[in-house]
Amino acid sequence: MKQITWNPAWVNPFESAWSIFEKIKYANALTSRDFSNEYIIKIINRSYNGLHKYLSEFNKYNLENITQAIGLNPYEHTNLYMKQLIGMFPNQKDAAFLIRPDHTFCEECLSMGHHSLFHQFGLLHKCPYHLSNLKNICNSCGKKTPFNSLNKKSNGGFECSCSNHFVSIKFNTLSDWKSNLPIKDELLLKWLSMSANESAKFRNTFLYFPSLASDPNSIIFLLNYSLQDNPTLTQL
């Protein structure tokens, strides 16, 4: 395995694995094909008991090599933060509807080399750091990209399959990747601080996740529901 340029400080809380991989590519002038040849392996028979189908994508990566190279296991990193977002729902297969299938981003974040799992979280409709609208199309070609996809073309870091950057790059040095952005979305802060007793309210509740993901007020509804003293079995 080749030695790469990397600094663990470049990884931020709730950063997506996609963002981490794009940083690896950018810092080392690797194309998607280079990255795939180095770190992608065939699907192996290993069960991670992940939260949803997104985590199963890590089966194709040589996690041992990646972990050795950057000092961080991208699967464990993602699993940790996904549990904070959707781990309170007992049916994780259905809860996966709350993770957007298309690569969704904040232009300001991505211009500074950062993509957060928050941007993929279907209960949020604005960037929790900048309170700006989220996008899911490339600024250059206008096409959508499946989240967590890695093509084997000659694209460099933070580039769409059209070979242009998704947004204009604004960071001056790689040290700008350590952003330490404060969360400004008060509803998200309440969601992340939900107690065990509050999150337990969802265990006996049938939730129709496709509707929750499309309704901009769903997070308010769910937070209010979690605060009820004696919630009854309800179809939401």
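Only the coordinates and a few stated rules stand behind these numbers; no lab work does. Quick caveat, the model's predicted, so the values are computed rather than measured. Note that we place each Cβ from the backbone using ideal geometry, even for glycine, and neighbour counts take in every protein chain shown.
Stretched out straight at 0.36 nm per residue, the stretch from Leu223 to Leu189 would grow longer than its current Cα-Cα span by 11.1 nm.
Entry note, the chain: relative contact order of 23 percent, from Cα contacts under 8 Å with a spacing of 6+ residues. Using the empirical formula 2.2 N^0.38 Å as the baseline, the Cα radius of gyration of the chain reaches a ratio of 1.04. From the alpha carbon centroid of the stretch 103-128 to that of the stretch 138-192 is 7 Å.
Of the residues Ser116, Ser193, Ser214, the one that moves most in a GNM of the chain with alpha-carbon contacts below 10 Å is Ser193. Taking 27 Å as the limit for the C-alpha separation, the pairs Lys23/Lys60; Lys2/Lys135; Lys135/Lys178; Lys25/Lys144; Lys83/Lys143; Lys83/Lys135 exceed it in the case of Lys2/Lys135; Lys83/Lys143. A cut-off of 5 Å between modelled amide H atoms, ignoring neighbours fewer than 5 places along the same chain, links Lys184 with Tyr129. Each of the peptides 170-177, 30-37 was scored by the mean count of other Cβ atoms within 10 Å over its residues; in descending order, highest first, they stand as 30-37, 170-177. Placing +1 on the Cβ of every Lys and Arg and -1 on the Cβ of every Asp and Glu, with nothing else charged, gives the chain a dipole about its Cα centre of roughly 520 debye.
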